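> Sending over a structure as structure tokens; questions will come in a sec.
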Amino acid sequence: MQLACTGSEAVENALRLAQHAQGRRRRGVAYATNSFHGKTRGALSVTDSPLCRATVRLPQGGVRVPFGDVAALAGLLRRDRSIGTVILEPVQGGAGIVVPPPGYLAAVRQLCDKHDVLWIADEVQSGCGRTGRFFAFEHEDVVPDIVTLAKSLGGGKAAIAATICTRAVARRAHRGSAALHHTPGTFAGTGEACATAITALNVLYDEGLLDNARIIGAYLTGELEALARRHPGLIAEVRGKGLMIGLEFTGAARAGLRALGPVASAMDRALPGGLAVAVGSLLKSEHSVLVGFTDYNRNVLRLQPPLGIEHKHVDQLVAALDDLLSRGALRLGADFLRTGRAPRAPGGACDAPGTPGAHRPRTPERTGSEQRAPGAPFSGERVRRRAAHPGARAAAP
Ligand SMILES: Cc1ncc(COP(=O)(O)O)c(C=O)c1O
């Protein structure tokens, strides 16, 4: 295991480890459409977003394959022997919470074994219990060769990330001496960050947060599906796993604005995701609920609340959404424009909407991988409390 401070670094370490293990002739890396793996150069070279890649000259060797498409990956690995690594998010986050078809990860494992390709599972967003299992790949009972973790590994408090690999990969990568020159940077795995991560992991298991993510996630999904049935013209899809949920809205042309004819289509072109932006913004200004967005699909709101969320917080969120959606698309747009308190644009993350171009409304603040229902604790709060009172720890299960 190698420790680092950010998810991007963990991905860099994973790519370097795979390259060492596979050797010069197999330096190619397959990555998925709409992937997001970070913003350092190596991570960007396997991140699909044109917005993030636009201004940077990237290392060569990345080949893009459609996410979730077994036949496409099989064809690529058969044709191109230079591909020694496949990097995939088991559930895509930045893409707008996209779960691959059942059996996809198992097929990826089989194909990688068949072609002697290493599989990096990027669990920076989907890991640490977010989907109801510690790793999202566990839902398909498979084991990747290399895994990356970050974000909630530090309990919402410490900057810590990890790259974990199998013993076989470590042996292959470290057979020369060069790998030792690539060990972590100055602040990677400091005692304080590790102590916080250990406390966060204890909280995760002692407080049953994996089960909670599964149970509350299923409840939230069910409530959102019921909401979608009440507002069929506005909500296109509810999808996800555990507490990693995407709520996809329709465009203006479908959202009850058909009467406007070509004007509605023009609105969709000029303001992609306008309805999601209005709902997300009003959720914050009127109901104090923060949600995430994504540049890849501007119609999606990302719901990734703290794993300790309770039924009552789901009820508050769903009531808030119901209140907003009952107004209809036209009034929602008008209310959004009237409030005029457009929150600051997100920090330019590709997994949130970057907002180049003056025509786009500014979108609500991004809060990393969490948003908070009114009254719900920030996820870091549990870890802070525990770190301050270590004796309060419940007995380990
Ligand atoms: C799947 C995935 N990998 C890597 C990263 C990069 O992590 P960081 O922002 O900590 O560099 C992210 C960030 O959103 C992510 O979602």
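> For region 1-116, what does the alpha-carbon gyration tensor say about shape, rounded, prolate or oblate, given a ≥ b ≥ c as the root eigenvalues, a/c under 1.5 as rounded, and a/b over b/c as prolate? All intermediate terms of the calculation are to be shown ahead of the outcome.
Values: a/c = 1.44, a/b = 1.14, b/c = 1.26.
Rounded, because the longest to shortest axis ratio a/c is under 1.5.
> Between region 123-142 and region 182-253, what's the alpha-carbon centroid distance in Å?
10
> How many nm separate the modelled label positions at Asp80 and Asp322, each set 7 Å beyond the Cα in the direction of the Cβ?
Once both label points are built, they end up 4.9 nm from each other.
> From the square roots a ≥ b ≥ c of the eigenvalues of the alpha-carbon gyration tensor of region 82-176, which class results: rounded (a/c under 1.5), prolate (a/b over b/c), or oblate? Spell out each step's value before the answer.
Details: a/c = 2.09, a/b = 1.20, b/c = 1.73.
Since a/c reaches 1.5 but b/c is at least a/b, the shape of region 82-176 is classed as oblate.
> Rounded to the nearest 0.05, what FRET efficiency is calculated for Lys312 and Val143 with R0 set to 45 Å and r the Cβ-Cβ distance? Before the final figure, lay out the partial values.
Numbers: r = 37 Å, r/R0 = 0.83.
Calculated value: 0.75.
> Another one. Where Lys and Arg each count +1 and Asp and Glu each count -1, what net charge lies around Gln2 among other residues with Cβ under 12 Å from its Cβ?
With Lys, Arg at +1 and Asp, Glu at -1, the net is -1.
> Here's another thing I want to ask about it. Distance in nm between label sites at Arg230 and Arg25, each 7 Å beyond Cα in the beta-carbon direction?
Placing both labels 7 Å beyond Cα along the Cβ direction yields 6.2 nm.
> On full extension of the chain, what length is gained from Arg57 through Met1, given 0.36 nm per residue of separation minus the C-alpha to C-alpha distance?
Working: separation 56, 0.36 × 56 = 20.16 nm, distance 2.95 nm.
Length gained between Arg57 and Met1: 17.2 nm.
> Compute for region 2-205: radius of gyration divided by Kirkwood radius, i.e. Rg/Rh, restricted to C-alpha atoms, rounded to two decimals. Don't jump to the answer; show the numbers that get you there.
Details: Rg = 16.1 Å, Rh = 17.0 Å.
Result for region 2-205 is an Rg/Rh of 0.94.
> Right, another one. Order these by the 10 Å Cβ neighbour count, fewest first: Thr85, Thr250, Thr40.
Working: Thr85 27, Thr250 21, Thr40 17.
So the residues, fewest neighbours to most, are Thr40, Thr250, Thr85.
> Lys114 to Arg338: FRET efficiency via 1/(1 + (r/R0)^6), r the Cβ-Cβ distance, R0 45 Å, to the nearest 0.05? Numbers along the way, then the final one.
Values: r = 58 Å, r/R0 = 1.30.
Efficiency computed from Cβ-Cβ geometry: 0.15.
> Tell me, what is the percent relative contact order of region 1-108, built from C-alpha pairs under 8 Å that lie six or more residues apart? Write out the running numbers ahead of the final one.
Details: 161 pairs, mean separation 30.9, N = 108.
Relative contact order, region 1-108: 29 percent.
> Also, I was wondering about something else. Quick one: work out the % antiparallel among DSSP beta bridges in region 2-205, nearest 5.
Antiparallel bridges make up about 35 percent of those DSSP assigns within region 2-205.
None of the figures in this text is laboratory data; all of them are computed from the coordinates on show. Bear in mind that the values here come from a model prediction, so they are computed numbers and not experimental data. Cβ: placed from backbone, ideal geometry, glycine included. Neighbour counts: every protein chain shown.
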